[in-house]
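The structure appears right after this line, and notes come after that.
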Amino acid sequence: MKHVWLGFLFFLLIITILLSDFIGSVRIPILSLLEIYGSQIPYLSQFVPHGYTLAQEQIIIQLREPEIIGGVVIGASLGIGGAAIQSIFRNPITEPYIIGLSSGASLGAVASIVLGFTIFGIYTQQIAAFIFGLSVVFIVYFFALKGGRVHPTYLLLTGVAVSFFVSAIVALLLFTNINLQGEAFFWLLGSLENINWTVLYPVVIIVLITSYAIYLQHRELDAIQMGDMHARSVGVNVERTKRITIFMVALGVSASVSISGLIGFVGLVMPHLSRMLLGGSNKHVIPASGILGAIFLICADDIARGIVPGVVIPIGIVTGIIGVPFLMYFMRKLTGGRYEG
Amino acid sequence: MNNRLKIVIAVVVVLAVVVGGFVIYHEDATGKAKGEIITITTGDNIPYKLTRIVSLDPAATATIYALGAYNDLVGGNSYDFYPPNENLPNVTDYPSMDLEQIFNLSADAVISFSNYSGAQISQLLNSGINYVFLSSDAGVNFSVIEKQNTLLGELTGTVANATLINQWMNVSLSTLHEDALSYDQSEYNGTPLRGFYYLSSYGGYWTAGNDTFVNSYFQYADIINIAAPYDSGFYTINPENIVNESPQIVILDDSINASSLNATGSPFASSPAVMNGKVYTTTSNEYMFTEPNFRDIFAIQWIIFMVYGQNPALPSFPINLTYNPNPNGVS
Amino acid sequence: MKVEVENLTFQVPSFRLGPLDFTVGDGTITAIIGKNGSGKSTTLKLIHGDLKPNDGTVKIDKMKVSSLSSLQLAEKTSFVWQEIYSPMSFTVRDVMNVSGYKRGIDESKMEAALDKVGLADFIDRDFSVLSGGERRLVTLAAAIYQDSEIMIMDEPTNFLDIDNQILIYNLIKGLREKGKTIIMTMHDLDAVHNLADSVLILRDGKKIAWGETESTLTLENLNKAFNVSFYSYNTINGNSFVGSYNG
């Protein structure tokens, strides 16, 4: 039954991907779209008629496809990261950003925008966001480490404290150069607009590896979800699991966020929705959160691109405005008192 | 655990090859030559004339019109006010960039003054679209504006007109400066007035500091820009400095209500400028204060007119244009 | 498997436990009794290695517990906690799967373990909406499913109805017959008397007595441990009882 659900969600994802290719400020006829798809398939391409313009081909291949695949990868990494982090903290209102990721990545991005770093070429902003995001997680983790163990509450508090500190530095940077607030603001609200194949390639690889590594931990995470001491008593190496999971989440989500900016809501809510549909076991929650995160983010991006023609609204605004009422509705409809007690 | 590791490594290698191949395939998909980044420093290195330009820079739109290359524009932006009645498709504003429309217009170049992200720029370049960056930030003075005119002239094949405009600018600047000096001499015994340009009240007292084109206006009009010593570029000045410098004239952007300067606690409340009613609001000419291009000459003319009550004559504009470039109502 | 406790000392600012010395024999039931706060649960956590002692050692199957990996430990011992819960909608099956971590999923053994506590039908129920007693029984079934040689139980019958208490006592007896070693804390002195092979009596972290149940569970030791006067009496049926309340 649960496999049927997962299969259905995956099918839904494929449909969403295909439909999203139609949405954009330029209308592209369905026949041209199908021909462009065909032209991308090796060997088959020579048999496909080329009844489309170069501009149409560029719009589909250079703009829409990387944006949609970016949405899949980023949504999946946020959803999976959320499921793993919620298990580690045994707390359904945590998300990947809580361990300092978001503040670190925003420091990297904003610093590179405001201070005009170009040490890594044109992708300095992305690389700086990635490196800073990871670094702040490490700082939080090592601050929270006490006698070889990391207590969830202590890690949570350290994460919040360090995030506040780093956010203050971000605010200071923005204050010193208000000219660039526009660009930084756009990054802080998140957008899939700037994703191209070049930046997408490393992120796809990183997210695939980290997601798979997190999935391999699903039984350990199930045990930790029931408490560190219980997990140890059934044979789980709690500290190692936490270390691996936090590192993998940090790696995957930092990579995602580095090309999209901060996209909220997905990491928090998709694991809930997965649990409502498929129960609490991470064997199903992790893949379902990934698929649902991908579907949700592509849909949000479609709205961000489509609602005002020609203007791309930061996707963080869409995820908030559209996502939260939707969440409230499903929470009421589906929980049936599961989170009480 | 070892088996797991082997599986992971195998999966990674396969994925890396597949995704990598896919990406390389995509990068070459369109087969077009890559675009270039063009600035006044790099100069015009492209072997062809631009004929399908998208301008995200209102200053550049005006310049291209004046150069006589308006037909080469295929896309504009929502800040374009000169020439009036423009009917170019609007290709959105910073920090967003409607790449789909730009591709759809088959643009060969995008002109911008904003700090678009590297990812956005590389999307353009990868698709064979050139990116022309014209700075409007600190460091832009009249010599930079003239270089920008020349560059736009080269890109559109209208260098002769660019040279004419630059010559007109140089003559105008020296005429205006001489006039300002003589008006100052006769009215204020040659002691320059202290002036302040109040650009925006959003988040502080925004002004133009040293190394800005607005600072040049003050210099040619023989007025001391009180904001220049404290910082360069456009910035928010500490109100204590405004009180301390007690400006004798204030040039006010029309987004700011002039009565706010009299309000209790305003750093301008006790300044000579407010006491003597020497606060001048930019109106139809406001874009001359925010756009670095040839029309800035008219901004200096306006300042001199407002401050000294005199109307300095300018040489007539060298290119015959349907729409008068001078918003001061003088040709 | 034997559990050897040597010179075990544990100290926090407000409380000191030990030194404790005792050896739990293979295939026996050991009960730890004493007032609340006497150090019963702390002793269990020290044996299980969840707390680090300030001095002394615990050896399980002749190996120091501090040197065991969590997987090795889980193979030798299971722990029945007073309360386990999942904040994220686990079913009974999910809870059982967690306890089957070291061996992988074995549906028939899982069902057999649940059947022993009479909850075979509960396998797909939501764990968090079960009653406290039902959760307790599932916890015990999970420990049985874990199938370790030593079982450590913290108050296994607390808050249970009498029928379920008896169910658990019989279960524990049955586990001993299969050769399991059981160490548990308890309040019910009657059950301790009938069930335990050895008894450790604690008060304020100090050992009052340790030894075989018959010789250790004396009125004198109980009086010392609980600071009340116990007495023994015979009912009209001729059964012998230990009482503390003479109302």
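The values are calculated or read from the model by the stated rules, or taken from the named source; none is laboratory data. For clarity, every value in this text was computed on a predicted model and none was experimentally measured. Note that each Cβ is placed from the backbone with ideal geometry, even for glycine, and that neighbours are counted across all protein chains shown. In case anyone asks, the SASA skips ligands and DNA or RNA and just uses the protein heavy atoms, side chains included. Shrake-Rupley method; radii C 1.70, N 1.55, O 1.52, S 1.80 Å.
Some points to look at:
- Chain C: most fluctuating residue of C:103, C:136, C:176 per GNM, C-alpha cutoff 10 Å: C:103
- Amide proton proximity set for residue B:231, modelled H, under 5 Å, gap of 5+: B:210
- Between the alpha-carbon centres of the stretch A:43-109 and the stretch C:198-233 there is a gap of 66 Å.
- DSSP-defined antiparallel bridges as percent of all bridges, chain B, nearest 5: 20
- On full extension, the segment bounded by residue B:171 and residue B:328 gains 54.7 nm, given 0.36 nm per residue less the C-alpha separation.
- Long-range HN-HN contacts of residue A:151 with modeled amide H, under 5 Å: A:146
- Dimensionless Rg/Rh of the stretch A:1-109 - Kirkwood Rh, Rg from C-alpha atoms: 1.12
- Label positions at residue B:52 and residue B:305, each projected 7 Å from the Cα along the C-beta direction, are separated by 4.2 nm.
- Expressed as a whole percent, the proportion of Cα-Cα pairs in the stretch B:189-308 lying more than 21 Å apart is 29%.
- Alpha-carbon centroids, the stretch B:243-291 and the stretch C:92-108: separation in whole Å: 76
- Residue by residue, the stretch A:146-159 carries 3J(HN,Hα) couplings of 9, x, x, 10, 10, 7, x, 5, 5, 5, 4, 5, 4, x Hz when phi is fed to the Karplus relation 6.51 cos²θ - 1.76 cosθ + 1.60 (θ = phi - 60°); x denotes Gly or Pro.
- Chain B: most fluctuating residue of B:70, B:188, B:82 per GNM, C-alpha cutoff 10 Å: B:188
- Projected area, mean over directions - chain A, Cα convex hull, nm²: 19.3
- Using only alpha carbons, the stretch C:167-225 has a radius of gyration to Kirkwood radius ratio (Rg to Rh) of 0.99.
- According to the calculation over all Cα-Cα pairs in the protein assembly as shown, the P(r) per 20 Å bin from zero is 12, 32, 26, 17, 10, 3, 0 %.
- With Cα atoms as the point set, the radius of gyration and Dmax of chain C evaluate to 18.4, 55 Å.
- Summarising the amide proton neighbourhood of residue B:130: residues at separation of 5 or more, or on other chains, whose placed amide H is nearer than 5 Å comprise B:36, B:109, B:110.
- A DSSP coil position with no more than 14 other Cβ atoms inside 10 Å describes the following trypsin sites (Lys or Arg not before Pro) in the stretch A:1-108: A:27.
- Computed Kirkwood radius, in angstrom, where 1/r is averaged over Cα pairs of the stretch B:118-176: 13.2
- Between 0 and 90°, nearest 10: helix A:30-39 axis offset from chain A longest Cα axis: 70
- Between the stretch C:115-146 and the stretch A:240-278, the C-alpha centres lie 32 angstrom from each other.
- Taking label points 7 Å from Cα along the Cα-to-Cβ direction, residue A:5 and residue B:135 give a separation of 5.8 nm.
- The stretch between residue A:154 and residue A:247 holds 31.7 nm of extra length on full extension. This uses 0.36 nm per residue minus the Cα-Cα distance.
- Estimated at 0.36 nm per residue, the fully extended path between residue C:51 and residue C:231 surpasses their Cα-Cα distance by 61.1 nm.
- Förster radius 56 Å - calculated FRET efficiency between residue A:14 and residue C:223 (Cβ-Cβ, nearest 0.05): 0.15
- Among the protein heavy atoms, those of residue B:205 account for about 60 Å² of accessible surface (1.4 Å probe, every chain in place).
- Residue (of B:109, B:60, B:140) at the positive-pole extreme of chain B, dipole from beta-carbon charges: B:109
- Spread of Cα-to-Cα distances over 10 Å intervals beginning at zero, given as percent, for chain B: 5, 23, 28, 20, 12, 6, 4, 2, 0, 0
- Across chain A, the relative contact order, built from alpha-carbon pairs under 8 Å that are at least six residues apart, equals 29 percent.
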